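Values in this text are rule-based calculations from the coordinates and carry no lab data. The structure presented is a predicted model; accordingly, all values stated were derived computationally and were not measured. FYI the Cβ positions are ideal-geometry reconstructions off the backbone, even for glycines, and counts take in every protein chain you see.
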Amino acid sequence: MQQWEKTINERYALKDRQETLELLKKMLADGYKYIVRDPESEWLLCFSLEPKKYRDGEFWGYVNEKEPSAKMARQIRNTDITEIKWTNKVATSIEAFLDDGIVLT
C-alpha cells in the first residue's frame with residue numbers, strides 16, 4: 001500500500017470513542033475549540049471559532065469564514081459519541097467535553 005493510500009485510509013476510517021477523544025485532544029492543541037454534528041451524519045466537525053447553526057441549509061459553519069483565526073473545519077468519522085448531535089442548540093466546547101464531559105443541549 002502506498003503512503004498516500006495509508007494516510008487516506010487512516011483519516012477516513014471510522015473512529016471509536018477512545019480514538020476520537022485522542023484526536024480531539026490533538027485538535028484542541030492545534031487551535032480547534034468547538035465540535036458539532038450535522039443532521040444524520042456520522043461525521044463530527046471541529047471548528048476553531050464558535051460556529052453558527054444554519055437551520056435552513058441544515059449545517060454548521062462560520063459566521064465569517066474570512067476571520068483570520070478561522071481554520072478550515074476538520075472532520076472525524078465517529079458514530080458512538082451520541083452526546084454531540086444536530087439537535088444541540090449550540091456548539092460544544094472541545095475543552096469542556098474532554099475535561100468535564102459537559103455537553104450543552
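Compute the signed sum of charges (Lys and Arg +1, Asp and Glu -1) over the other residues within less than 11 Å, Cβ to Cβ, of P51. After counting each charged neighbour, the total is 0. Taking Cα atoms only, the orientation of helix 3-12 departs from the longest principal axis of the chain by about 40 degrees. Listed by chain and number, the lysines whose C-alpha is less than 24 Å from the C-alpha of K52, apart from same-chain residues fewer than 8 away, are K25, K26, K33, K66, K71, K85, K89. For the chain, the orientation-averaged shadow of the C-alpha convex hull comes to 7.3 nm² (one quarter of the hull surface).
Taking Cα atoms only, the orientation of helix 17-29 departs from the longest principal axis of the chain by about 70 degrees. All other residues whose Cβ lies under 13 angstrom from that of A13 are scored, Lys and Arg at +1 and Asp and Glu at -1, for a net of -1.
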